[in-house]
1. Once every DSSP H run of n ≥ 4 in the chain is given -39500 (n - 2.57) and the sum is divided by its residues, what mean residue ellipticity at 222 nm do you get, rounded to the nearest 500 deg cm²/dmol?
2. Quick one: Debye curve from the C-alpha atoms of the stretch 165-218, no solvent, what's log10 I(q)/I(0) at q = 0.13, 0.18, 0.31 Å⁻¹?
3. How many angstrom lie between the C-alpha centres of the stretch 188-228 and the stretch 144-165?
4. Mind pulling the angle between the C-alpha long axis of helix 166-175 and the longest principal axis of the chain? Nearest 10 degrees, somewhere in 0 to 90.
5. Ignoring solvent entirely, what values of log10 I(q)/I(0) come out of the Debye formula for the stretch 76-174 at 0.21 Å⁻¹ when each Cα is a single scatterer?
6. What is the angle, in °, between the Cα long axis of helix 123-138 and the longest principal axis of the Cα atoms in the chain? Nearest 10 is fine, range 0 to 90.
7. Just the number please: accessible area per residue for the chain, 1.4 Å probe, all protein chains included, in Å².
8. Work out the length of the dipole vector of the stretch 63-139 about its Cα centre, built from +1 on the beta-carbon of each Lys and Arg and -1 on the beta-carbon of each Asp and Glu, and round it to the nearest 20 debye.
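The values are calculated or read from the model by the stated rules, or taken from the named source; none is laboratory data. Given the structure is predicted, the values throughout are model-derived calculations rather than measurements. A quick note on method: Cβ atoms are made from the backbone with ideal geometry, for glycine too, and the neighbour counts reach across all protein chains shown. For accessibility, only protein heavy atoms count, side chains too; no ligands or nucleic acids. Shrake-Rupley method; radii C 1.70, N 1.55, O 1.52, S 1.80 Å.
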Amino acid sequence: ETLRYTVEAKDSYTRGHSDRVADYSVLIGEKVGLPEEQLKLLKIGGLFHDIGKIGIPDSILLKPDKLTDEEYEIVKKHVLCGFETLEKTVGISQVVKEIALQHHENFDGTGYPRQLKDFHICKQARLVHIADVYEALCAKRSYKPALPRIVVRQIMQEGSGTMFDPFMLNKFLQCTPLCLLGEELEINGRVGIVVDVDDKENPLINTAHGTMTLHEFENLSDIVIEEYLYNYNALFKGKGGHFRA
């Protein structure tokens with residue numbers, strides 16, 4: 001409970017992000033057939049994957065502009081800080097510690113902190129990595145707008161086999177609802193609450209203008225989608241760009 005309060009005290013976004021990452025992680029874990037005991041550890045690992053951010057200054061975490069290389073190196077320290085924090089906590093599973101340490105390792109070995117590759121990365125950390133990036137892309141942050149789900153799915157697919165375990169990512173994209181029940185969405189200045197996820201490809205959203213489907217809520221043309229992708233690539237894949245999840 002003490003750790004839980006520590007996460008919540010950081011800021012409301014960190015709390016909500018960790019909750020959603022934990023829920024998405026369990027959804028993926030169920031789809032790839034993890035047993036119940038491992039799903040429980042996955043839930044805890046998702047909740048505390050970013051516990052190390054308590055040691056990162058808000059001036060960097062919430063910076064509205066691109067991070068400098070030096071600032072990004074500071075952000076990357078949160079995985080080690082998280083691992084060390086959990087190491088000092090009695091009763092925390094090794095799996096939960098590894099999730100905190102490894103959830104930014106990429107499947108092709110280009111991640112951090114140890115450049116682990118493919119199956120040398122803890123299975124649960126590979127799952128949380130997918131959930132973490134998906135949630136971060138969907139969310140509005142100080143330095144980026146919320147991206148439409150259809151755009152996020154395309155970005156995630158581009159990372160198959162490089163950032164992400166392709167088997168786990170495929171399960172996530174094929175079988176996981178685009179939104180969580182009760183999740184708040186914001187796109188193009190409009191806000192809505194997910195009220196029905198029976199149709200996982202087109203959930204129902206309650207807005208100030210009535211109930212509509214996710215597709216209607218996003219209401220994007222191919223041109224707008226291409227613009228979103230172009231802006232994302234310019235911000236995070238161009239010179240000096242660092243994606244923050």
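1. On the way: 12 runs with 128 residues, N = 245.
My calculation for the chain gives -15500 deg cm²/dmol from helical runs alone.
2. Taken in order of the listed q values, log10 I(q)/I(0) reads -0.33, -0.57, -1.18.
3. Measuring centre to centre over Cα atoms gives 17 Å.
4. 40
5. Relative scattering, expressed as log10 I(q)/I(0), comes to -1.06.
6. On a 0 to 90 degree scale, this one is about 40.
7. On the way: 11600 Å² over 245 residues.
Ligands and nucleic acids excluded, the result is 47 Å² per residue.
8. 240
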